[in-house]
Amino acid sequence: MLVLEVAWSIAPHHRVSLQAMSDQIQIGGETRLMPNAFGFLANYETAWILGKGYLTGWAEGAYIMPAAYLNQKLAWVEKDKEGNITDYEYTHNYDFIGGYHMWGYNDSNGDIDYTGYAYGPDSIVFGVGATYGVPGLFSVDGSLKYIIHGMYGLGYRSIVATRNGNEAGKLFSLPIADAEHRIELLVNGSYTPVKGLELIGGIGFVQAWNHLTDKGKTFTDLQLHIGVSFDPVTMFSK
């Protein structure tokens, strides 16, 4: 895998970075062993000091082709009557997924993840976020993401495991209208009433359409987390 990143501080407090990734690339006339696989990401960041506090923000867009992170060997080939190779095929594409040997071939409940971009292959992602805080006192951060997933997107375990490699060679495995569309909203906060004691909490909301690329199916989820972090060494140190 080849990744090229370029970053530029375009002005004080403003930074832009671009990434381009190639997992498989074949030029004209080259024997086709695996589908071409590219990924692109653009990110903008800003940071400011406001009195005793700080404010940061970011915006990001990414596109990852379906065949990204595919490290599978050829399963079999097609030959003509003279024995010349005419096409290559793959049996299963669960090699998109890291740790699949511990996952189980048809187990849709396995705890898996991709080896590269957090949202996996076959994805288009747009996101914005911001954080405000005062060191040692509190912080609040939030993010909003809009994600489009084809059949090879993050979480589509059983679908990925039973598809052949031809569909992975497309720019996007499904028409955009048939892909899953998802909104993720996250808000987190922390508060330190005394040194060494931190109260944390957050809320997350997810709304999906064409859930798991099932046309017309919707999915809604609301989650809340709260917690306490206690560091006795910090609390009782002079």
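Read the figures in this text as sums done on the coordinates, not as results from a lab. Nothing here was measured: the structure is a model prediction, and the numbers come from that model. All Cβ positions, even for glycine, are placed from backbone atoms using ideal geometry, and neighbour counts span all protein chains on display.
What the table shows:
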read-out	value
Fewest-first sequence of Val206, Val3, Val194 by Cβ atoms within 10 Å of each Cβ	Val194, Val3, Val206
Note, ³J(HN,Hα) from phi for segment 174-190, Karplus 6.51, -1.76, 1.60, rounded to Hz, x at Gly and Pro	10, x, 4, 5, 9, 6, 7, 10, 9, 10, 10, 10, 10, 9, 10, x, 9
Distance between modelled label sites at Phe138 and Glu82, nm, 7 Å Cα→Cβ extension	7.7 nm
Long pairs among Lys79/Lys215; Lys52/Lys195; Lys52/Lys145; Lys81/Lys170, criterion Cα-Cα beyond 26 Å	Lys79/Lys215; Lys52/Lys145; Lys81/Lys170
Proxy reagent accessibility, fewest Cβ within 10 Å first, across Asp122, Asp23, Asp80, Asp214	Asp80, Asp214, Asp23, Asp122
³J(HN,Hα) computed for each position of segment 122-130 - Karplus, 6.51 cos²θ - 1.76 cosθ + 1.60, integer Hz, glycine/proline x	6, 9, 10, 10, 10, x, 9, x, 8
Packing-based exposure ordering (other Cβ within 10 Å, fewest first) of Tyr119, Tyr191	Tyr191, Tyr119
